[in-house]
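The structure under discussion appears below in the form of structure tokens.
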């Protein structure tokens, strides 16, 4: 009896081990099968598409520099340039040839008032692409004046009016309480520009637009007609006609506001302001002479 019992007991244990193994394998296989069954089928390849055409506005970028490189006439160790300020005033600029002011190039600047609201008119160093970025204007006021969106990083400045006068591009950044539509139209129609034989831009006003005169200031800055040489992230020189310069000279914001060492000196009724390396500033202050005509 004991032997029979022992045989039966052994047989039961063998079947239980086999059954247990089957159960374990089943438990392991069920999740795997379920996982395989639940997987999404591989996505079908997307149909081939034609390469899109380039954005038309980006194929018409005007990358021409917005500066005038009029060669000076060599006289000994100096060069002499005949310049014209935005109000039409002419001057002779004599400077050490090693300064290469003609290679730095010049740009016009002047402030003005539109129905009593002060605005600045500058020639962007990078040309019109600095404003347009290859996009499209918001509005066309006249054939040569367009409106562009506010640019990122311009703080409290608003939308931008872009003027085209021959090869020159001039901008006015709106700010504070923006100009109305009628004021912008008045400005677009009455701010006129002509290009001299030597390539300088001369501006005229009218209607509700009044351009600043030599010696005018706004918010502590001289805002009369000026010529800026150089710019961007490099060295820069500003010539600012200033009647009674010795008493009324003020550092222009475009020079003093760059956060770099700067100097200025009066040459008759013209302020000469400069920023850049110390040796460059010294040569400008000691060597540049301006004679109004």
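The values are calculated or read from the model by the stated rules, or taken from the named source; none is laboratory data. Computed from a predicted model, the values in this text were never measured in an experiment. Virtual Cβ from ideal backbone geometry, glycine too; neighbours counted across all protein chains shown.
Residues are listed down the side, and each one gets a yes or a no for (1) buried (at least 20 other Cβ atoms within 10 Å of the Cβ); (2) farther than 20 Å from residue 110 by Cβ:
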{"residue": "227", "(1), (2)": "yes, no"}
{"residue": "239", "(1), (2)": "yes, no"}
{"residue": "246", "(1), (2)": "no, yes"}
{"residue": "251", "(1), (2)": "no, no"}
{"residue": "284", "(1), (2)": "yes, yes"}
* To do: With respect to residue 215, determine if the residue is touching a helix residue (DSSP H, G or I) at 6+ places or on another chain (Cβ under 7 Å) and assigned to a loop (DSSP other than H, G, I, E, B).
  => yes
* Do you know which of the residues in the stretch 200-220 that are loosely packed, with under 14 Cβ neighbours inside 10 Å and free of Cβ contacts under 8 Å to residues at least 60 places away in the same chain is farthest from residue 240 (Cα to Cα)? -> 206
* Asked: Among the residues of the stretch 254-287, which ones are in a loop (DSSP other than H, G, I, E, B) and over 24 Å from the mean Cα position of the chain (by Cα)?
  -> 268, 269
* Tell me the helices (runs of 4 or more DSSP H) entirely within the stretch 84-199 that contain at least 2 residues that are out of contact with any helix residue (DSSP H, G or I) (no Cβ under 6 Å at 6 or more places or on another chain), surrounded by fewer than 17 Cβ atoms within 10 Å (Cβ to Cβ) and at pLDDT 95 or above. => 181-190
